[in-house]
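The values are calculated or read from the model by the stated rules, or taken from the named source; none is laboratory data. Predicted, not measured: the structure shown is a model, and the values here were computed from it. Cβ placement follows ideal geometry from the backbone for every residue including glycine, while neighbour counts extend to all protein chains displayed. In case anyone asks, the SASA skips ligands and DNA or RNA and just uses the protein heavy atoms, side chains included. Shrake-Rupley method; radii C 1.70, N 1.55, O 1.52, S 1.80 Å.
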Amino acid sequence: MIRVILRYLANNEQLIQRLADSYPMRRAAQLLVSAYYRSRAIAQEQKLVEMTPEKFKQMMNAFQSNVKQELKAAKNDLKKRK
């Protein structure tokens with residue numbers, strides 16, 4: 001039943017046009033494009049565009065281990081507060 005409703009809404013051209021003309025949708029599109037260009041500029045500054053797959057994998061592993069350490073620290077901090 002939900003699929004039928006969603007299909008109807010997705011195929012309703014007037015609804016799609018009204019949503020596309022709405023401020024929240026336009027603003028979301030602006031923010032998305034802005035984030036894309038900012039991240040691209042940062043990647044070029046950090047020379048991440050020329051990164052090899054091995055180096056990228058190393059960076060992702062380091063990021064993952066840092067996130068795990070921060071999560072453990074946050075858990076320990078919550079346990080200490082209780």
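Quick look at the values:
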| item | result |
| --- | --- |
| Top-ranked residue in region 1-60 [being within 18 Å of the chain's Cα centre (by Cα) and of a type in the set (K, R); ranked as modelled with the lowest pLDDT] | R40 |
| Scan of region 5-27 for residues that are of a type in the set (D, E, K, R) and in a helix (DSSP H, G or I), ordered by number | R7, E13, R18, R26, R27 |
| Out of R26, R38, sole residue that is touching a helix residue (DSSP H, G or I) at 6+ places or on another chain (Cβ under 9 Å) and of a type in the set (K, R) | R26 |
| Tally of residues being open to solvent by 100 Å² or more (accessible area, probe 1.4 Å) and part of a helix (DSSP H, G or I) across region 28-52 | 8 |
